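Structure, as structure tokens:
The values are calculated or read from the model by the stated rules, or taken from the named source; none is laboratory data. Remember, predicted model here, so these are calculated numbers, not experimental data. Every residue, glycine among them, receives a Cβ derived from its backbone with ideal geometry; neighbour counts consider all protein chains shown. The area values use the complete protein model at the heavy-atom level, side chains included, leaving out ligands, DNA and RNA. Shrake-Rupley method; radii C 1.70, N 1.55, O 1.52, S 1.80 Å.
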Amino acid sequence: QVQLVESGGGLVQAGGSLRLSCAASGRPLSRYGMGWFRQAPGKEREFVAYITRSGGITYYADSVKGRFTISRDNAKNTVYLQMNSLKPEDTAVYYCATSSLGYSQSTASYGYWGQGTQVTVSS
């Protein structure tokens, strides 16, 4: 089993930045590709970013490309999401999740999930 705990969310003005962290326990995160997803009120959970097990390859949703950066530190068992130039439409609960199946934008491909951290961007 893997336990994931997200942190770093909060309230920020449009144009600002936040850095989310996803700390894992139970198993080495190096076993998994990692994804970030988000869910706004009344909407389905959507893919944000993915990083391979080694961290060598990353993928992004078009809506965040060029503004968000996913990274990982396997020695610290932690994955990060640096979010810059935030927009009100980025407001959502952000979740990290593990993938044993490689890159995917589908929530069904991810096994373990954190509880989420709220990000609110004011205009």
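Between residue 84 and residue 39, the simple spin-label model (points 7 angstrom out along Cα→Cβ) gives 3.0 nm. Accessible surface for the chain, divided over its residues, is 49 Å² per residue with a 1.4 Å probe.
Among 89, 6, the order of accessible area from largest down is 89, 6, computed with a 1.4 Å probe on protein heavy atoms. Charges were assigned to the Cβ only: +1 to each Lys and Arg, -1 to each Asp and Glu. The resulting dipole of the range 37-85 about its Cα centre is roughly 80 debye. Counting only protein heavy atoms and using a 1.4 Å probe, the accessible area of residue 69 comes to about 70 Å². The stretch between residue 54 and residue 19, if pulled fully straight at 0.36 nm per residue, gains 10.6 nm over its current Cα-Cα span.
Eigenvalues of the alpha-carbon gyration tensor of the range 32-85, scaled by 5 and square-rooted, set the equivalent ellipsoid semi-axes at 20, 12, 10 angstrom, largest first.
Shape of the range 10-49 from its Cα gyration tensor (a ≥ b ≥ c, root eigenvalues): rounded if a/c is under 1.5, otherwise prolate when a/b > b/c, or oblate?
Details: a/c = 2.66, a/b = 1.57, b/c = 1.69.
Taking the square roots of the gyration eigenvalues as a ≥ b ≥ c, the range 10-49 is oblate.
Label-to-label distance for residue 11 and residue 75 is 3.8 nm, based on points extended 7 Å past Cα in the beta-carbon direction.
Here is the list for the range 39-109: chymotrypsin sites (Phe, Trp or Tyr not before Pro) lying in DSSP coil, each with at most 16 other C-beta atoms within 10 angstrom of its C-beta, are 103. Structural descriptor for the chain: relative contact order 36 percent, calculated from alpha carbon pairs under 8 angstrom and at least 6 residues apart.
What is the percent carbon and sulfur in the accessible area of the range 1-113, measuring with a 1.4 Å probe over the protein chains and ignoring ligands? Don't skip to the answer; put the middle values down first.
Numbers: 2590 of 5600 Å².
Carbon and sulfur together cover 46 percent of it.
Where the centre of each part is set by its Cα atoms, how far does the range 52-123 sit from the range 3-29, in angstrom? Answer, in whole Å: 9. Each residue of the range 71-80 is assigned a 3J(HN,Hα), and the resulting list reads 8, 8, 10, 5, 5, 9, 6, 9, 10, 10 Hz, derived from the Karplus form 6.51 cos²θ - 1.76 cosθ + 1.60 (θ = phi - 60°), x at Gly and Pro. Going by accessible surface with a 1.4 Å probe and the largest first, 29, 101 read 101, 29.
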